[in-house]
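Okay, so here's the structure we're looking at.
The values are calculated or read from the model by the stated rules, or taken from the named source; none is laboratory data. This is a predicted model, so every value here is computed, not measured. Glycine gets a Cβ as well: all are built from the backbone with ideal geometry, and neighbour counts include every protein chain shown.
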Amino acid sequence: MDQLNSYLILSAILFSLGLYTVVTRRNAVAILMGVELILNAANINFVAFSKFVTHSLDGHLISVFIIMLAAAEAAVALAIVLNLYNDRRHINVDEANALKQ
Amino acid sequence: MIQSLANWILSFDILAGLGNPIAWGLSLFIVSALIFVFVAVNAIVLVYIERKVSAFMQVRLGPMRVGKFGSLQTVADALKLLQKEDIIPRSADKILFLIGPWVILVASVVTFAAIPFSDTLLAADMSIGLFYVVSISSIVVLGIVMAGWASNNKWSLYGAMRSAAQIISYEIPVGITLIAVVAVVGSLNLQTIVQAQGGTGNLFYWIPLPLPNWFIFHSPFLFLAAFIYLIGATAEINRTPFDIPESESELVAGFMTEFSGLRWALFFLSEYANATLVAFLVAIIFLGGWQSPFSNYAGAQIGFSILTLLAVMWTLFVKAKTQRLSFYPLGLSLMITIAAWLFPGFAIWLASPGLFWMLIKVGSVIFLLMWFRWTFPRLRVDQLMYVSWKVILPISLFNLMGVAVWMWLTGEIHF
Amino acid sequence: MADFIFWIIWALIVASAALVAFGNNLIHSVFALMGTFLGVAGIYIFLNADFLAVTQIVVYVGGILVLLVFGIMLTNKISSAQISQSSVQKWLGLIVVLGVLTIILTAVLPHDWVGSITPMAFNETVAGIGKLLFTEYLILFEIASVLLLGALIGAATLARKEL
């Protein structure tokens, strides 16, 4: 609990699980969930380093901005997903390849 | 001064014999248990009061059979609910169905940790108290969606979706009105917010009417904000006139349709916990929390004398016209006034802050919520969204700016 | 005691994130994500970031997660309480991700971070964050507000029936 490494390992595992979700899922909403996992992993790192290494609030500030960006990103991404669904009747990203040559 | 309940419990000698971590864990457990017991007892009492109040509004008696004046009716009902079979529909999503009600209950109970009941009685003194309460109560939405989805029933799903849309829409104006108050105090700590409302001052800073320094009297903008908050909070806790998520005449019981027995009781518990929480927040933020309305004992004497005069006039003009004379309010205020003039100690107690005033204020707000229920008809879904996004939200934004300008005019802040 | 709670939260985060990544039921994944978000909020509290913890709950659990649930319910033909989902290239993905994890851990863990001996405990972060937000980070703050407005308008435009 008072060691930086326990936070770093947690964040690395969270990042890997998020990356796995993004890479393997077909459903667009599930991919979005993976992105949120990755952002959370990054946030843990920022806050942990601000407590253990830099001793300043800058890490907290960056995390606040990341959380805000995640909110904006989720809103826009879901709007895109809804459009995709209206167009194709499914939201599987591996089949949404009409722009491919 | 005791900073929190946990520290107070830790100060007992019995715990000193135990090891430090165990004593700490035990004190946390006792505090949590106390909060849970408060919520449970509160729900049982409020159900009884609600039935009596609705009976009063509809000129009937309400529960009368079990116990004196039916006072044990809700206890009997609770016992009945505990014995009922816990039915899980065959095609329901079992895991979510089982944990959904618990998510709602935990989210609504945990918020009470930050509520200051009096100047010494609070579970956790947090620097982010108000923000904590608002954020934790937003978890309820997810519990509702969970329960509604897991039921695998169209009425449940409709109710859950309506509820989620409603709570999210009303969270925004409610948050903005709270920001207006936070801007005045300069702190998110609920205890600091209450302390900032002590003493007496002018109404709206300039009108020479000596009223307590509560934020509802701080400026016209905060006066309006109190009502916006009350409307938004009523919508957030799904009470009438905003009860479309569980409107009996349309959706059976909304997201609660498939639940029975204990799980159904959990919904009720959390519903009344939420109503109490809103009442507490209104009392803390706009009505001065545990502060007494009187600044000294003379104030208490004069204040109750004025109250008695008002009661006399009310009895003479209003009650006499409706042919239903009742002397209870008049008698009560007269008794308190005489006692306050005869015994200075009683007047001093009336003028001192404490749990008593908090409970009086909370009770009044809860009564107001029950009054709403039998006064306003239910809104339609589109009207609900219209009220939130096109009426309340612009007003609350305007309010926030107004409060800033007001503080600049009265010299509370300088640019 | 605090250590014990910390490791419980740690395990909760990993378990629920694993459910998000490997689960077959989309709805279960979404609600498992709630466990992850709440757990991360708990981790923030262990890091003395009280404001961030509460922000995490209000934005992620109260906002984004509900948005995701709505997204799922609007983009599926609902016939039962189960919405199944599938994955592609599972083994390839697993190998790549495990490789990435190994690289991160081998790069990060042996490093001796300066100052990591004395962790600093903030008593209260709200005032500090507020001060920084309106002094050092003011431009970032303004850009962020413009970005949020842009996202609001963009999402509203995209989600309309007639584009």
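Could we say that A:Leu78 is over 15 Å from the mean Cα position of the chain (by Cα) and assigned to a helix (DSSP H, G or I) here? No; evaluated as a whole, the condition is false for this residue. Among the residues of region B:290-321, which ones are outside any helix (DSSP H, G or I) and in contact with a Leu (Cβ under 7 Å, 6 or more places away or on another chain)? Correct list: B:Trp290, B:Ser292, B:Phe294.
Can A:Ile91 be described as more than 19 Å from C:Thr157 (Cα to Cα) and more than 8 Å from chain C (Cβ to nearest Cβ)? The answer is no for A:Ile91. Under the condition of being under 22 Å from B:Asn153 (Cβ atoms), part of a helix (DSSP H, G or I) and in contact with a Phe, Trp or Tyr (Cβ under 6 Å, 6 or more places away or on another chain), the residues counted in region B:208-253 number 1. Screening region B:262-301 for residues that are modelled with pLDDT under 80 and among the aliphatic types (A, V, I, L, M) and picking the one that is surrounded by the fewest Cβ atoms within 10 Å (Cβ to Cβ) gives B:Ala298. On the given criteria, is C:Ile27 aliphatic (A, V, I, L, M) and more than 12 Å from chain B (Cβ to nearest Cβ)? When the stated conditions are applied, C:Ile27 does not pass them. When the residues of region C:65-93 are narrowed to those that are away from chain B (no Cβ under 11 Å) and surrounded by 17 or more Cβ atoms within 10 Å (Cβ to Cβ), which ends up nearest to B:Gly175 (Cα to Cα)? So, considering only residues that are away from chain B (no Cβ under 11 Å) and surrounded by 17 or more Cβ atoms within 10 Å (Cβ to Cβ), the one nearest to B:Gly175 (Cα to Cα) is C:Gly71. Do we find a residue being facing another protein chain (nearest Cβ under 7 Å), surrounded by fewer than 24 Cβ atoms within 10 Å (Cβ to Cβ) and in a loop (DSSP other than H, G, I, E, B) anywhere in region A:26-40? Yes: region A:26-40 contains one or more residues that are facing another protein chain (nearest Cβ under 7 Å), surrounded by fewer than 24 Cβ atoms within 10 Å (Cβ to Cβ) and in a loop (DSSP other than H, G, I, E, B). Would it be correct to say that B:Phe259 is hydrophobic (A, V, I, L, M, F, W, C) and outside any helix (DSSP H, G or I)? Taking the combined requirement at face value, the residue satisfies it.
The test for being at the interface with chain C (Cβ under 7 Å from one of its Cβ atoms) and surrounded by fewer than 23 Cβ atoms within 10 Å (Cβ to Cβ) does not hold for A:His60.
Within region B:59-99, being among the polar types (S, T, N, Q) and either surrounded by 15 or more Cβ atoms within 10 Å (Cβ to Cβ) or not in a loop (DSSP other than H, G, I, E, B) (or both) holds for B:Gln73, B:Thr74, B:Gln83.
Residue check: is A:Leu19 aliphatic (A, V, I, L, M) and facing another protein chain (nearest Cβ under 8 Å)? It is true that A:Leu19 is aliphatic (A, V, I, L, M) and facing another protein chain (nearest Cβ under 8 Å). Being modelled with pLDDT of 80 or more, surrounded by 12 or more Cβ atoms within 10 Å (Cβ to Cβ) and either part of a helix (DSSP H, G or I) or among the small types (Gly, Ala, Ser) (or both) is not true of C:Leu149.
Here is a yes/no grid of residues against (1) in a helix (DSSP H, G or I); (2) of a type in the set (Gly, Ala, Ser); (3) at the interface with chain B (Cβ under 10 Å from one of its Cβ atoms):
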| site | (1), (2), (3) |
| --- | --- |
| C:Ile5 | yes, no, yes |
| C:Ile8 | yes, no, no |
| C:Ala15 | yes, yes, no |
| C:Ala41 | yes, yes, yes |
| C:Asn48 | no, no, no |
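Listed by position, the helices (runs of 4 or more DSSP H) enclosed by region B:119-198 that each have at least 2 residues that are over 21 Å from the mean Cα position of the chain (by Cα) and more than 26 Å from C:Leu68 (Cα to Cα) are B:154-185. Total residues in region B:193-205 satisfying the condition of being without any contact (Cβ under 8 Å) to a residue 40 or more places away in the chain and either surrounded by fewer than 17 Cβ atoms within 10 Å (Cβ to Cβ) or more than 12 Å from B:Trp290 (Cα to Cα) (or both): the figure is 4. Cβ-Cβ contacts under 7 Å between residues 6 or more apart (or on different chains), taken from a first residue in region B:103-131 that is within 13 Å of another protein chain (Cβ to nearest Cβ) and more than 22 Å from B:Ala40 (Cα to Cα) to a second residue that is assigned to a loop (DSSP other than H, G, I, E, B) and among the acidic types (Asp, Glu), are listed as B:Ser127/C:Glu124.
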